[in-house]
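Chemist: Starting off with a structure, shown below.
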Amino acid sequence: MQTPDRYTPVRFAHRVAKRLGLSRQIVELASTVLRSERSMRAAFAGYTPTERAVIVATYVKSGTYWAMQICQQLAHRVAAEFDH
C-alpha cells in the first residue's frame with residue numbers, strides 16, 4: 001500500500017518549515033546541495049558515456065515528459081508508441 005502524498009517525509013518537512021517561517025531557506029539549501037559539484041559527480045559516478053550517448057536535461061516542471069516523448073520519437077524514428 002502506498003503512503004498518501006500528504007504523509008511523505010519531504011511533505012512533512014516542508015510543512016514544518018513553512019509553519020516555522022523557514023520554507024524559503026530550506027528550499028534554497030536543498031537547491032544548493034542538489035546543484036553542487038559533489039552531487040553532480042555522485043549522480044554520474046560509475047557512468048562511462050559511449051560515443052552514442054545523449055544526455056537530455058530539463059528544468060523541474062518545464063516539460064520533462066514532453067522532452068522525454070520527443071527523445072523517444074527521435075530514437076525510434078517517429079515510430080514510438082505511448083500508453084496514455
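Here, each number is a calculation from the coordinates, and none is a lab measurement. What you see is a predicted model, and the numbers here were worked out from it, not measured in a lab. Note that we place each Cβ from the backbone using ideal geometry, even for glycine, and neighbour counts take in every protein chain shown.
Chemist: Work out from phi, with θ = phi - 60° and the Karplus expression 6.51 cos²θ - 1.76 cosθ + 1.60, the ³J(HN,Hα) of each residue of the range 44-49, listed in order in whole Hz, and give x for Gly and Pro.
Modeler: Along the range 44-49, the couplings run 9, 4, x, 9, 10, x Hz.
Chemist: Which loop-located trypsin sites (Lys or Arg not before Pro) does the range 16-50 contain, where loop means any DSSP state but H, G, I, E or B and the Cβ has at most 14 other Cβ atoms within 10 Å?
Modeler: ARG35
Chemist: Suppose the Debye formula is applied to equal point scatterers at every Cα of the range 5-75; what is log10 I(q)/I(0) at q = 0.13, 0.25 Å⁻¹?
Modeler: Rounded to two decimals, the profile gives -0.64, -1.13.
Chemist: Quick check: the angle from helix 64-75's long axis to the longest principal axis of the chain, C-alpha only, nearest 10 degrees?
Modeler: With rounding to tens, the tilt is 20 degrees.
Chemist: Nearest 0.05, what FRET efficiency do ALA30 and TRP66 give at R0 = 30 Å with Cβ-Cβ as r?
Modeler: 0.75
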